[in-house]
Each structure stands twice: as structure tokens, then as C-alpha cells.
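One structure below.
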Amino acid sequence: MNQKYDVVVIGAGIAGITTAIYLKRYGYDVLVIEKNYPGGQLNKIGVIENYPGFEEIKGPDFSFHLYEQAKKLEIPFLFSTVEKIETKEIKVIETSSDIIYAEKIVLATGRNPRKLGIELEEELLGRGISYCATCDGPFFKDKTVCVVGGGNSAIGEALFLARLAKEVHLFHRKSFLRASKHLVEKIEKLPNVHLHYESIITSLKQENGALSAITFMQKNEQKTIETAGLFIYIGMDPVYIKIDDPSIYTEDGFVLVNENMETKIKGVYACGDAIKKEVYQLTTAVGEATTCSFSIHQAR
């Protein structure tokens, strides 16, 4: 692997891979760095129904197509964790395995699932607690599971789990679901899905090292449900990477960019869910990646 590139894209979600594809086709020597696997959060989505051109496609399948397209263009990938970035004229990216140099950097680091922040949540991760129904759902076939959240991700994953589990209990802190109308209509029709509005999960119980029950408050009444699994979809937090000028970040960790996807640091760009914006969707991430790559090319 080379150690110096025209552009290094950090993050291999849909925004990062789209940026890399465009830059490669513009003739740039580009590297993608990813700490986990290509596709990012796409791999944790059961079914995608709102991306143009696909009436329905599984998240992991979409990830595979993106990765295959990048590999056909001979775009190299480094699977490693970025430890810190120095934004000199030649950018220095220190990873857990290499030190990489680049003329320009694109932060496409995306977001990670937000946690409930209650006792035993970390301890029971992988032992009943999950943030990915697509990944872990098959382990709960014919069992009772719970989902917390009220947006498209929560409802979509509850629909996925309903095909496998005996019962699905969905908890949301508000009196209505925030998900799109067609998803809400689907979930309301399923006989093995039980909706619990105005409910907040307060504690977890374990038995033999695995989740056994959850306790929740509903309209000032405490209740308990025995369950083998709890799938958490209460929002996302941006991935933070240490950089020598942290002023490019908002207080909550998003990257600030202008309409050209440029940060205040010359040669440092950002796109996708890593940036501060109004709408976080696959389609907006692709558009921002396109703008980002075009901006880099225009500045050549």
C-alpha cells in the first residue's frame, strides 16, 4: 500500500464510497479508511424501501454492491482505526496500523447508535442487548423481543423482527410514532406486535448472564415484561475523530461545512451523516458526497 494519496476518505458508508468513486473517476489517487466494514450503518438496516431505483433492497446487499463497485475501480481500502489527524499542508493521518499522508481529506465518518444509558446496558451487549436487528435478529427466533424507538429505523427493524420472533413489544416515549405513514400502517396491522406509547425503559434484569426482562414506566405506572432481546433505536450520535483543529466540530460532535462541503481547514472536507444538517438520509448523503468530490476537483 502507498503511504501518500491525493485524497483520503475516512469512512466507508454510502457517503464515503460515493465520494471515492467520483474522485477515482476524476483521476485521483484515493484511499478509503474504514474501521469496521464497508457500508457502515447500511449493514444494520434490514430492508431499504426509500432509495430511488430499488423498490426494496436489504442493507447488507446494498453495502456489498457499493463495495464491489469501488473495488472494480481499483480503489484501495485500509481497514484500520484513525487515531488522530494533523492538518498540515500535507495531511497526516495516524491509524492503528499505519501512518498515511494526503493532500486532502474527506471526513465521512457517519454516526453510531445512541445508547439508553441505563445500568447493565453495556454488560448485556451481545447477551440480549443489540443495536442491529439485521445482525442479531435470527438468534431470537420464536422468542419475545423488545424494540425501543419511534422513527423509521425502529419501526423498520421491528417489522423485520416480527417475521422471526414470537412477540415484539415496541416502546416509544411519545404518544405517536415518528416513522413514515406506510411503516406505521404496516406495524399496526401485525398481530404479534404490541405498541407501548408514552413508555420509558428504566431498568434491565438478567438471568445467567443474559437479558431476562425489562422494566418500564408508562404514564407513571411501572411495568415489567420478560424478554430475551432488546433492540435500541433512539437516535444516532456522530463519530468523533481527534484532529488538531477541533473547532470544525459543533458542541455535539458534528462537522461544520459550507455548501461546498468544505470545513474551515483548507483541504479538509466532510459529507454524509458526519456533518451538521437538517436531513439524515441515504439520498442526502449521496448528494453531499457528489458535491464534495466536485468541490475537490474544482479546487485542483
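None of the figures in this text is laboratory data; all of them are computed from the coordinates on show. Predicted model, so just to flag it, every value in this text is computed and none were measured. Every residue, glycine as well, gets a Cβ built from its backbone with ideal geometry; the counts of neighbours run over all protein chains shown.
Rounded, prolate or oblate: which fits the stretch 129-232 when a ≥ b ≥ c are the square roots of the eigenvalues of the alpha-carbon gyration tensor, with rounded for a/c under 1.5 and prolate only if a/b beats b/c? It comes out oblate by the Cα gyration axes.
For the peptides 47-57, 240-250, the ranking by packing is 240-250, 47-57, with the highest mean count of neighbouring Cβ atoms within 10 Å listed first.
Where only DSSP H runs of four or more residues are counted, the chain gives -7000 deg cm²/dmol as its mean residue ellipticity at 222 nm, each run worth -39500 (n - 2.57).
Shown for the chain: cysteine residues without a partner Cβ closer than 4.7 Å, namely 146. Derived scalar couplings between HN and Hα for the stretch 288-300 equal 5, 5, 5, 4, 4, 5, 5, 4, 5, 5, 5, 7, 5 Hz in order, rounded to whole Hz, by the Karplus curve 6.51 cos²θ - 1.76 cosθ + 1.60 (θ = phi - 60°), x for Gly and Pro. Ordered by the count of other Cβ atoms within 10 Å of each Cβ, fewest first, 135, 292 give 135, 292. Here's how it looks for residue 230: its modeled amide H is under 5 Å from those of 129, 130, 146, which are all 5 or more places away or on a different chain. Between residue 64 and residue 223, take the C-beta separation as r, use R0 = 51 Å, and let me know the FRET efficiency to the nearest 0.05. That gives a FRET efficiency of 0.80. Residues of the stretch 160-201 with an amide N closer than 15 Å to a point placed 7 Å from the Cα of residue 120 along the Cα-to-Cβ direction: 201.
Counted over the stretch 106-231, the DSSP beta bridges are approximately 50% antiparallel.
In terms of modelled amide H atoms, which long-range or inter-chain residues lie less than 5 Å from the amide H of residue 58? Residues meeting the criterion, in which the H sits 1.01 Å from N, are 48.
Shown here for the stretch 129-216: GluC sites (Glu not before Pro) in loop regions (DSSP other than H, G, I, E, B) with at most 16 other Cβ atoms within 10 Å, namely 198.
Phi-derived couplings, Karplus 6.51 cos²θ - 1.76 cosθ + 1.60 at θ = phi - 60°, listed residue by residue for the stretch 280-286: 10, 9, 4, 5, 5, 4, 5 Hz, with x used for Gly and Pro. Between residue 79 and residue 180, the FRET efficiency estimated from the beta carbon spacing at R0 = 35 angstrom works out to 0.55.
Going by neighbour counts of Cβ atoms within 10 Å, the residues 116, 66 line up, fewest first, as 116, 66. Pairs of lysine residues in the stretch 129-232 that meet both criteria, 8 or more places apart or on different chains and Cα atoms under 21 Å apart, total 19.
Applying 1/(1 + (r/R0)^6) with r as the Cβ-Cβ distance of residue 88 and residue 251 and R0 = 22 angstrom yields a FRET efficiency of 0.25.
Here the stretch 1-62 and the stretch 97-140 have alpha carbon centers that stand 17 Å from each other.
When 254, 79 are ordered from fewest to most other Cβ atoms inside 10 Å of their Cβ, what list results?
Fewest to most other Cβ atoms nearby, the residues stand as 79, 254.
Between the amide H of residue 114 and those of 234, 235, 236, 237, distances stay under 5 Å, these residues lying 5 or more places away or on another chain, with hydrogens modeled in the peptide plane.
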